[in-house]
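Derivation of every value follows stated rules applied to the coordinates shown; laboratory data play no part. None of the values given here were measured: they were computed from a predicted structure. In this analysis, Cβ positions are derived from the backbone assuming ideal geometry, glycine residues included, and neighbour counts consider all displayed protein chains.
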Amino acid sequence: MTERAMQEPTLLLLTALADAPRHGYALIQEVDAISGGRVKLRTGTLYGALDRLLQQGLIEVAAEEIVDGRARRTYALTGSGRDVLATEAERLRTVAAEAQRRLGGAVRPRGATA
Amino acid sequence: MSVALPPGAGRAGVALRTALALYPACYRRDRGAELAEVFADSTAGSGRLATAREALDLAAYGLRLRTGLTDTAIGGRLLVAAAPLLAGTLLGVGVFPGTGDWRAFRVTDAARAGTDVSGSLLVENLAVLGLVVVPLLLAVAAALGAWRAARSLGAVVALLGVARIWYAAFHQPSGGEWSGWFFGYEVTALVPHLLGGLLLAVAPTGPVDSRGRADRLLVLAGAATGFAVTRAQGGYDTRNLMDGWWPVALLLLPLLLVLFAARDRLLPAALGLAVLPLTAAFSLFSLWEQVGGIWRLAPGVAVVALVLVPAARLLGRPTRRRFTSRAG
């Protein structure tokens, strides 16, 4: 997984779990907020991703409880999920820093070579 | 957890219940209540269209779980592995020059016919030409790693195949009378497009969809294989039926390769799956012609099934997915 760029929904889900465990609908809301409203996960898509991440050992079920008569399962990052997210964040940071550096350089006329 | 629908669920409740019915019972027992809650929260205050979309998405995942076509199940992973090869084979089967394939004449006819024909013939001609052009676009999309587009084009290929079958079912062939035999022949000629297109359309979207250069090589390999198999068959033509062991080999070899999936060896299994739609129909057709009737072919098919089923069990290992709540 670390050899290739992570798909955005996976990255957003792991990011949503990075600071605290969350239940299904909270994850949908967090992903919506983190992506600035661009990515709206639907229920089936969310559970497809959660099942995959559970199987890959990147997340785990932190708690199963009934809150106000409603079934609720809370998901959390595992140690391995935290490592994968950190690696991806570092990769993105490197790319972003390089982009900033180049954008901050002298403005060249269009078509000019270095 | 049992599935208890939220109070006042109404129309959304019916959609939810229908969608949940598509899930395997064990998954529904384990996650049904949780899915229902998230669905209720997601659709609260939404309009009909948004609720329908949410229900469709929920139903689609249920169907994937039910059919083993999620991106973590063996069936889904096999389809993901086979997708570039399938895209290539669909292109290869349409490269007619040198294969002696009668379909080449049909394509030329359709291209020359223009638009001054009856409505149904126009649909047929467009479908004939579409089955040449769309696989080309599909192969390009697959080579570029645009898998969402490739899957949609796979669905288009299958639909064009269906359009051609509709035409063959209700219209007289040019220069002849309608016959069940000729209809069967037309349908079997379209099996690569129907099956290949469908397999591509239902392939899951994986977490890492594009494999770059590897995909491009697999598309090329698939195209070469598609062309070679069409050539080995001497084109799809009853005047040029395969003799001897060719039809048996071209049927059994891909089937045996697909069995490798039971051992999680996805590349050979994917190759088998990609080739099978090209060989199965014509091999069965040739065998049927050779033995002189479908009932005479039945014992042979039974023997093959008797060999393949234990072979699959022997090769296989427990792959039934456990719907556990916790990882590891």
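Quick notes on this structure:
- P(r), alpha carbons of segment B:68-315 - 10 Å bins starting at zero, rounded %: 8, 30, 35, 22, 5, 0
- Under the span-like rule (Cα at least 24 Å along the axis, Kyte-Doolittle mean at least -1.0), DSSP H helices of chain A: A:79-104
- 10 Å-binned pair-distance histogram of segment B:56-181 (Cα, whole percent): 12, 32, 31, 18, 7, 0
- Of all the options A:Thr78, A:Thr43, A:Thr15, the one that moves most in a Gaussian network model of chain A with Cα springs shorter than 10 angstrom is A:Thr43.
- Taking all pairs of distinct alpha-carbon atoms in segment B:10-65, Kirkwood radius in angstrom: 11.0 Å
- Cα convex hull volume per residue for chain A (Å³): 140 Å³
- Fewest-first ranking of B:Trp102, B:Trp178, using other Cβ atoms within 10 Å as the exposure measure: B:Trp178, B:Trp102
- Per-residue mean of C-beta atoms belonging to partner chains within 10 Å, peptide A:34-47: 5
- Dividing the convex hull volume of the alpha-carbon atoms in segment A:1-60 by its residue count gives 82 Å³ per residue.
- Sites B:Phe170 and A:Ala76 - FRET efficiency at Förster radius 56 Å, r taken between beta-carbons, to 0.05: 0.45
- Here the label points at B:Val309 and A:Ala96, each 7 Å from Cα along the C-beta direction, are separated by 5.8 nm in the simple model.
- Mean ellipticity per residue at 222 nm, deg cm²/dmol - from DSSP H runs of n ≥ 4 across chain A, formula -39500 (n - 2.57): -17000 deg cm²/dmol
- As a rough guide to protection, the peptides B:157-165, B:260-268 ranked by mean Cβ packing within 10 Å, highest first, stand as B:157-165, B:260-268.
- Among B:Asp41, B:Asp215, the order by Cβ neighbours within 10 angstrom, fewest to most, reads B:Asp41, B:Asp215.
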